[in-house]
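The values are calculated or read from the model by the stated rules, or taken from the named source; none is laboratory data. Computed from a prediction, not measured in an experiment: that's the story for all the values here. Every residue, glycine as well, gets a Cβ built from its backbone with ideal geometry; the counts of neighbours run over all protein chains shown. To get the accessible areas, we keep the full protein, side chains included, count just its heavy atoms, and leave off ligands, DNA and RNA. Shrake-Rupley method; radii C 1.70, N 1.55, O 1.52, S 1.80 Å.
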Amino acid sequence: MKLEQLASKPQLTKLTIDNPDIVETYGEELEFYVWDRLDMATYTRLAGIDQSDVTVMYTALRDMILDDSGKPVMTDEMVLPMDVMTAAVEKVVSRLGK
């Protein structure tokens, strides 16, 4: 198979936070989106993140947790509750590991 057969434009993929604690707290499952593929700049930035540098990690995650139109859910003025952000990070990391 030629590599160009695997190349395509990134598509939004829905992830669902269905942890029992989150569902109990917020009354339902929570949905957000991520790109199914990462460009090289994003990939190398993620690979080089020092997990002790919270600012860099937050910025990278902010760019990955998206709404259904591909825009970041978190902005300079809008942030998620810590329990939701942690659950979203777990889902993103799990997705990236596949």
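Quick grid of which residues meet (1) touching a Cys at 6+ places or on another chain (Cβ under 7 Å); (2) open to solvent by less than 50 Å² (accessible area, probe 1.4 Å); (3) not charged (D, E, K, R):
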position	(1), (2), (3)
Ala60	no, yes, yes
Asp68	no, no, no
Pro72	no, no, yes
Met78	no, no, yes
Ala88	no, yes, yes
Q: Go through the residues of region 21-30 one by one and say whether even a single one is touching a residue at least 60 places away in the same chain (Cβ under 8 Å) and open to solvent by 60 Å² or more (accessible area, probe 1.4 Å).
A: yes
(Q) I'd like to verify a number: residues in region 31-47 that are farther than 15 Å from Asp67 by Cα and either touching a residue at least 12 places away in the same chain (Cβ under 8 Å) or of a type outside the set (Phe, Trp, Tyr) (or both), how many? (A) 10
Q: Determine whether region 36-44 contains at least one residue that is at pLDDT 90 or above, open to solvent by 60 Å² or more (accessible area, probe 1.4 Å) and among the aliphatic types (A, V, I, L, M).
A: no
Q: Among the residues of region 2-12, count how many are modelled with pLDDT under 95 and open to solvent by less than 100 Å² (accessible area, probe 1.4 Å).
A: 4
